[in-house]
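Asks: Quick one: this structure, given as structure tokens, is what I'll be asking you about.
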Amino acid sequence: MPDARERLSVFPAFHKVAGRCVLVAGGGSEALAKVRLLAETEAEVRVVAPAVGPALRALAVAGGGSVIERDFRAGDLAGVALAFAATGEEAADRAVAEAARAAGVPVNVVDRPELCDFYVPALVNRAPVAVAISSAGTGPVLARHIRARIEAMLPRETGALARLAESFRATVARVLPPGEARLRFWGRFFAGPVADRLYAGRPDEARAEAARLLNGPEGGPAGFVWLVGAGPGAEDLLTLRAQRLLQEADVIVHDRLVPQAVVAMGRRDALRISVGKAKGAHSATQDEINALLVRLGGEGRRVVRLKAGDPLVFGRAGEEMAALQAAGIGHAVVPGVTAAVAAAASLALPLTLRGVASSLVFATGHDRDGETLPGWAGLALSGATVAVYMGRSVAGRVGRALIAAGFDAATPVAVVFNASRDDERVEAGSLADLIAAADLSAAGSDGAAPDQDPALIIIGKAVAAADLSAARPLRAATLSAVAA
Ligand code: SAH
């Protein structure tokens with residue numbers, strides 16, 4: 001049993017109101033708010049007040065309710081399931097509450113928790129699924145904030161999924177023995193192709209998938225691999241879709257750059273496989289990763305392949321998709337916030353800026369053959385902002401190539417390490433400073449230990465518009481030759 005402070009003063013329950021009468025005493029804005037909430041249900045509303053506003057009347061009548069225009073009388077409570085005192089006047093509300101209590105009808109009094117038999121929760125409606133949030137009258141605003149988060153998290157079609165399940169329930173009970181097999185069926189029903197199709201707005205395909213799941217061969221549905229962008233590091237920069245898939249996955253295959261907190265969002269019993277990718281340290285080769293994904297998908301697993309940032313930006317997703325395609329394994333990509341835009345956000349740096357920067361180049365200092373001398377430098381015409389990934393060890397050559405391509409040595413540069421993470425730091429200077437710092441570090445003159453923090457280099461005139469108040473000057477110590 002929880003200790004005294006953790007015990008609730010209320011018992012959450014859902015009151016049946018379909019076809020039953022719910023009384024609302026009051027005709028103003030408080031009453032309207034209650035009738036709006038009741039309109040989410042199948043209750044028959046009975047509004048009693050000497051004067052009833054037109055919006056309130058229309059809403060009550062539209063839902064099959066009735067409006068009685070006079071003062072409240074105790075007789076109005078006949079046959080009523082629940083009552084709301086919302087007259088806007090204290091004495092009148094108190095009279096309604098007393099009459100209700102005498103009649104044995106549970107009552108809620110607006111803004112008077114001490115007179116309430118029950119509280120009204122903040123509601124997330126995915127009929128027939130409902131989530132009700134209560135702070136037991138202490139913090140309605142808090143409850144609303146929580147509701148907003150749950151609203152965002154629960155797909156619109158959650159209700160449709162519940163109804164589809166209901167339509168299969170009898171058949172499932174006939175076809176599958178209770179216990180393990182039935183549980184497995186429902187597990188796959190709610191987190192598999194059936195749900196995916198519904199969430200994608202394709203109810204007919206969802207039904208077909210459900211039938212296939214029920215009649216299909218034992219061994220279950222085919223596996224699926226999602227290539228999911230984990231964002232730059234901050235947990236709350238993960239997309240809602242990524243979060244949902246993480247909670248549904250059987251297996252999570254992740255890179256070193258993906259923070260532990262994001263990996264931890266998966267199901268507790270999910271298998272987690274780290275495929276390394278620390279520069280210099282041993283890690284699985286890309287071929288091994290491709291083979292792993294193909295094997296897991298082939299075993300019928302639901303796999304989330306979690307990658308830093310966006311999977312399609314220097315994420316080698318192309319090779320993984322090709323391998324999955326060749327093996328006939330279903331796959332899809334979930335985008336993520338890529339490092340360049342996360343770094344720009346941290347600096348309030350407009351990557352494009354009218355009259356200053358009209359194009360944006362995502363470039364890398366490395367490719368499959370190791371260092372790439374930036375052949376892309378020519379692309380970075382004047383007026384471009386250049387975001388360099390994996391550029392630390394080649395920063396000097398990147399800088400020189402850009403100058404050769406026509407960039408001014410005074411062009412501003414910002415380097416963001418660990419963008420969006422708690423240990424984010426920024427260094428800033430000019431293109432000339434970048435070259436000097438990188439060359440010093442390549443010579444090892446500073447003797448500092450190289451670190452492995454991911455760094456994104458942004459170069460271009462737009463950098464001058466950024467907020468660099470927290471930046472330190474570009475230093476050789478941090479642009480070491482060993483780091484990524
Ligand atoms: N797919 C990733 C990029 C992977 S390549 C994305 O879209 O962001 C790895 C490079 O990304 C690192 O060398 C670094 O340049 C950059 N990077 C990734 N996360 C970063 C972060 N939080 N801060 C700065 N740079 C980052």
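The values are calculated or read from the model by the stated rules, or taken from the named source; none is laboratory data. All values reported here derive from a predicted model rather than from experimental measurement. Every residue, glycine among them, receives a Cβ derived from its backbone with ideal geometry; neighbour counts consider all protein chains shown. In case anyone asks, the SASA skips ligands and DNA or RNA and just uses the protein heavy atoms, side chains included. Shrake-Rupley method; radii C 1.70, N 1.55, O 1.52, S 1.80 Å.
Asks: Pick out the one residue from Arg147, Arg169 that is at pLDDT below 95, in a helix (DSSP H, G or I), buried (at least 17 other Cβ atoms within 10 Å of the Cβ) and out of contact with any Phe, Trp or Tyr (no Cβ under 7 Å at 6 or more places or on another chain). Reasoning before the result, please.
Replies: Details: Arg169 fails: buried (at least 17 other Cβ atoms within 10 Å of the Cβ).
The unique qualifying residue is Arg147.
Asks: Continuing with the same structure: Looking at region 320-331, is at least one residue buried (at least 20 other Cβ atoms within 10 Å of the Cβ), over 13 Å from Trp226 (Cβ atoms) and more than 13 Å from the ligand (Cβ to nearest atom)?
Replies: Within region 320-331, one or more residues are buried (at least 20 other Cβ atoms within 10 Å of the Cβ), over 13 Å from Trp226 (Cβ atoms) and more than 13 Å from the ligand (Cβ to nearest atom).
Asks: What pairs can you find where one residue is in region 1-19 and under 30 Å from Gly65 (Cα atoms), the other is open to solvent by less than 100 Å² (accessible area, probe 1.4 Å) and not aromatic (Phe, Trp, Tyr), and their Cβ atoms are less than 6 Å apart, with a gap of 6+ or different chains?
Replies: If the second residue must be open to solvent by less than 100 Å² (accessible area, probe 1.4 Å) and not aromatic (Phe, Trp, Tyr), the pairs left are Val10/Ala136; Val17/Thr41; Val17/Ala43; Val17/Ala81.
Asks: Hey, which of the strands (runs of 3 or more DSSP E) in region 230-309, taking only ones fully inside, have at least 2 residues that are more than 15 Å from the ligand (Cβ to nearest atom) and open to solvent by 20 Å² or more (accessible area, probe 1.4 Å)? Write out each step before concluding.
Replies: Values: elements: 251-254, 271-274, 302-307.
The qualifying strands (runs of 3 or more DSSP E) are 271-274.
Asks: Also, I was wondering about something else. Could you give every pair whose Cβ atoms fall below 9 Å, whose first residue belongs to region 335-347 and is touching a residue at least 40 places away in the same chain (Cβ under 8 Å), and whose second residue is open to solvent by 10 Å² or more (accessible area, probe 1.4 Å) and basic (Lys, Arg), counting only separations of at least 6 or pairs across chains?
Replies: Pro335/Arg241
Asks: Now for a different question. Identify all residues within region 216-248 that are under 20 Å from Asp269 (Cβ atoms) and modelled with pLDDT of 90 or more; write none if there are none.
Replies: Matches in region 216-248: Phe224, Val225, Trp226, Val228, Ala242, Gln243, Leu245, Leu246.
Asks: Quick one: count up the residues across region 95-117 that are part of a helix (DSSP H, G or I), among the hydrophobic types (A, V, I, L, M, F, W, C) and closer than 17 Å to Gly26 by Cβ.
Replies: Here the count works out to 6.
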